[in-house]
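Take a look at the structure set out below.
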Amino acid sequence: MKKRILSSLVLLALLAACAPAAVATKAPVALVVEATQAPAVVDTSISLVDDLGREVTLEAPATRVVSLAASNTELLFAVGAGDQMVGRDPYSNFPEEALTIQDIGDTFSGLNTEFILSLEPDLVLAAGITPPEQVEQLEQVGITVYWLGNPTDLEGLYRNIETVGLLTGHEQEALAAIDELSARADAVLAKVATVTERPTVFYEVDGQTDPNAPFTAGAGSFIDLIINLAGGENVAGEIEGYFPFSIEDLLVADPDVILLGDFAWGATVESVAARSGWGALLAVTNDQVYPFNDDHMTRPGPRLINALEELAKLLHPELFQ
């Protein structure tokens, strides 16, 4: 009997000793459950419709980008994504840092798809000059392509900047770039709005191939857009696109100003004056023939604003004294 009582007492003592331990372990167990709860999943994917009407989706902002056009390269650098570029077209020469990026070779005759693929891009940024066939060619090997169309006005330029910022994770930098560029453009447009006379302008794209029929640009081109915004009138503005303009038509138009977009290829004020029949032009006799940076004028990137500022000052210097 004593043994049974003693055994019972020992059992009760053991249970009593275990009870606090059981209570003490409740809190840590609860804490462990809380600590191991899965964090909220942040969706970093991006889905945008490009200018070919295709929905393009990225799992996250692109960190390895190949640019197929010089204008795209300038847009990427403008939003702070230059160091995310792993490839560029041969004509991407601005800013200077772009020249250190891998050249992917000629993009006009065709694309070296195998080489582009070896760069492991998570995005290829195509442009208005990129044929849709090249977009399809890249997609067939599994490369994500966004086709960024050419803007037709300054608002379109700003939208392109914003789009590039979104695709590369630089939204705030893109908005800051838009604010700075639009402020510069608005300052010019406000001054030009006061002009009562608009000088007529001929823009030479290529006068070296045939001086008697130099190529120029008409409606729908950046050249026509900037000439008009800068307070001028494009003598070739009634025709769309790029085309040869005969010396006979030029003599009839007799522009106040001639801009040499081909000066980098050898056109000079002196060589223009020496062309047959050109000496009779008003712009030549009045010394109103000027070299002009064609990269500023024809690339649909941030430096279109440079072209606007430069041309407005050239056409209306009195407004900027």
For this session: Counting only heavy atoms of the protein chains, get the accessible area per residue of segment 220-321 (1.4 Å probe) and round it to a whole Å² value.
Result: 44 Å²
Seminar exercise, completed: Neighbours of V205 by Cβ distance under 11 Å: Lys/Arg at +1, Asp/Glu at -1, summed charge -4
Seminar exercise, completed: In Å, the Kirkwood hydrodynamic radius from C-alpha pairs for segment 226-280 sits at 12.7 Å
Seminar exercise, completed: So the compactness index of the chain, its C-alpha Rg divided by 2.2 N^0.38 Å, takes the value 1.64
Exercise. Once all Cα-Cα distances of segment 156-313 are split into 5 Å bins that start at 0, what whole-number percent is in each one?
Worked result: 2, 9, 17, 20, 18, 13, 9, 6, 4, 2, 0, 0
Problem set entry | Table column - 3J(HN,Hα) (Hz), segment 283-295, Karplus curve with 6.51, -1.76, 1.60, x for Gly and Pro | 4, 6, 5, 9, 6, 10, 10, 9, x, 9, 6, 5, 4
Exercise. Stretched out fully, how many nm does the piece from E162 to S109 gain, at 0.36 nm a residue minus the Cα gap?
Worked result: 16.1 nm
Exercise. Residue-wise, which Karplus ³J(HN,Hα) couplings in Hz belong to segment 163-169, taking 6.51 cos²θ - 1.76 cosθ + 1.60, θ = phi - 60°, and x for glycine or proline?
Worked result: 4, 5, x, 5, 5, 10, x
Problem set entry | Residue list for segment 226-258, given a label point 7 angstrom along the Cα-to-Cβ vector of D210 and an amide N cut-off under 20 Å | 235-254
For this session: Return the distance in nm (one decimal) between the two label points of a simple spin-label model at E97 and D83, each offset 7 Å from Cα along Cα→Cβ.
Result: 0.7 nm
Exercise. Contour minus end-to-end for D287 and L251, with contour as 0.36 nm per residue of separation and end-to-end as the Cα-Cα distance?
Worked result: 11.3 nm
Problem set entry | Rough spin-label spacing in nm, given labels placed 7 Å along Cα→Cβ, for Q172 and F320 | 3.3 nm
For this session: Taking the Cβ of L225 as the centre, find all other residues whose Cβ is under 12 Å away and add up their charges (Lys, Arg: +1; Asp, Glu: -1).
Result: -3
Seminar exercise, completed: A student asked for the Cα radius of gyration and Dmax of segment 62-122 in angstrom ought to give 10.5, 30
Seminar exercise, completed: Taking every other residue with Cβ under 14 Å from the Cβ of S47 and scoring Lys and Arg +1, Asp and Glu -1, one gets -3
Problem set entry | Efficiency of FRET from Cβ geometry, A183 and T57, R₀ 45 Å, rounded to 0.05 | 0.85
Problem set entry | In Å, descending, principal axis extents of the Cα set of segment 77-193 | 50, 26, 23
For this session: Do me a favour and compute the ellipsoid semi-axes for segment 125-199 from its Cα gyration tensor, root of five times each eigenvalue, largest one first, whole Å.
Result: 33, 18, 5
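The values are calculated or read from the model by the stated rules, or taken from the named source; none is laboratory data. Note that the structure is predicted; figures quoted are calculated from it, not measured. Cβ: placed from backbone, ideal geometry, glycine included. Neighbour counts: every protein chain shown. Surface accessibility is based on the protein's heavy atoms, side chains included, excluding ligands, DNA and RNA. Shrake-Rupley method; radii C 1.70, N 1.55, O 1.52, S 1.80 Å.
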